[in-house]
1. I'd like the Karplus ³J(HN,Hα) series for region 201-211: coefficients 6.51, -1.76, 1.60, θ = phi - 60°, whole numbers in Hz, and an x wherever there's a Gly or Pro.
2. Label-point separation (nm) for LYS286 and ARG88, each offset 7 Å from Cα along Cα-to-Cβ?
3. What does the accessible area per residue of region 41-154 come to in Å², with a 1.4 Å probe and no ligands, DNA or RNA counted?
4. Search the structure for amide H atoms under 5 Å from the amide H of GLY233, placed 1.01 Å from N in the peptide plane, and list their residues when 5 or more places away or on another chain.
5. Only residues of region 210-247 count here: report those whose backbone N is under 13 Å from the spot 7 Å along Cα→Cβ of SER182, or say none.
6. Placing unit charges on C-beta atoms (Lys and Arg positive, Asp and Glu negative, everything else neutral), compute the dipole magnitude of region 101-164 about its Cα centre in debye, rounded to 20.
7. Below 15 angstrom from the Cβ of ILE76, what's the summed charge of the other residues (Lys, Arg +1; Asp, Glu -1)?
8. Amide H neighbours of LEU120 under 5 Å, counting only residues 5+ apart in sequence or on other chains, H built in-plane at 1.01 Å?
Amino acid sequence: MLRSVAALVALGSALALVGCSGDGASSGSPTPSPSRSVRTLTPLPPPPETPPSGRLRADMRQSSRDAAAGRMEVWIDNDTADQIRPTRLTYADPRYRTTLPGTRLRPIPSQSERGFPLRLPRRPACDHPRGSGTVTVTYGDTTRTLRVADSTDVAGRHSRARCLEIAIAQVADLSWADVVPSSGRQGDPGTLSLVVRPTGTSGPTLTIDTVSGTPVLAPVGADVWRPEATVRGTDRPSRIALPIKPNRCDAHAFAESGGATAFKIGLHLDGEPGQITLRMSVPGAKAAIDFARASCRMLEDITDQ
């Protein structure tokens, strides 16, 4: 029996070989298509490693959270062959009255960069409107002073804004109320209140032209609020009511907590245009965010019905 099976297998193999070796014309079977060669991709070699230049570089950056915390960050790029461990770091700028010490000092590995926060001063040197900064880094027995690149003008923008705020404070103190009242009914806006407390002395005239919304809070029925309010130092205290609604209800907008309650105010001071960012206090910010969240929940409930 086993021999019969073996014979049948051998016969089948022989017939298959004959069929494959035939010219196709005599056998009547279709001519097989020529085989195609398979292309292979040769991986590219990794780029050669760039040797360290032996230099340190510095640049200034500021996230929305930095701005909310009243700081900026100087970043040090260590393009040397060795790790460095800063023991002292100071930022100097003619627009600031004193040097600013860096914080969170920690090692910078070779060919890596690290950011070091700087607390922004409340009173810059307003008689020096222009300038550029340098950072002095001490590590080991070495001290180096580097020019700080500032492509977005973080230091300059802060200096100009604070100097404008100081000039505005000679006319009136501006702040946000710590409450954001609303009716609690679906679709009704809340009220954001700009509190104006004049100094009681004569001087420049302040005109509040516009107030911009934020990623979370927006004007009702317009792209910006337009109070067009004129304030003099001798005026009585007042409040400017701004109807407000949620700008967006997605979680990403609420996660942008650094700028959620920081409103840009366009103004003229004695005819000169300017802009400041006025942030809400911690209790005021909580009240505004709570209002936005409650309004968004009411919208979600309507959508689900």
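The values are calculated or read from the model by the stated rules, or taken from the named source; none is laboratory data. Small disclaimer: the values here were computed from a predicted structure and weren't measured. Virtual Cβ from ideal backbone geometry, glycine too; neighbours counted across all protein chains shown. Surface accessibility is based on the protein's heavy atoms, side chains included, excluding ligands, DNA and RNA. Shrake-Rupley method; radii C 1.70, N 1.55, O 1.52, S 1.80 Å.
1. Going residue by residue, I get 10, 6, x, x, 9, 10, 10, 8, 8, 9, 9 Hz, with x marking Gly and Pro.
2. Using points 7 Å along Cα→Cβ, the separation is 4.2 nm.
3. It amounts to 61 Å² per residue over region 41-154.
4. So GLY233 has HN proximity to GLY203.
5. From region 210-247, the list is 216-220, 243-247.
6. In debye, rounded to 20, region 101-164 gives about 280.
7. Net charge in that neighbourhood comes out at +3.
8. ARG71, MET72
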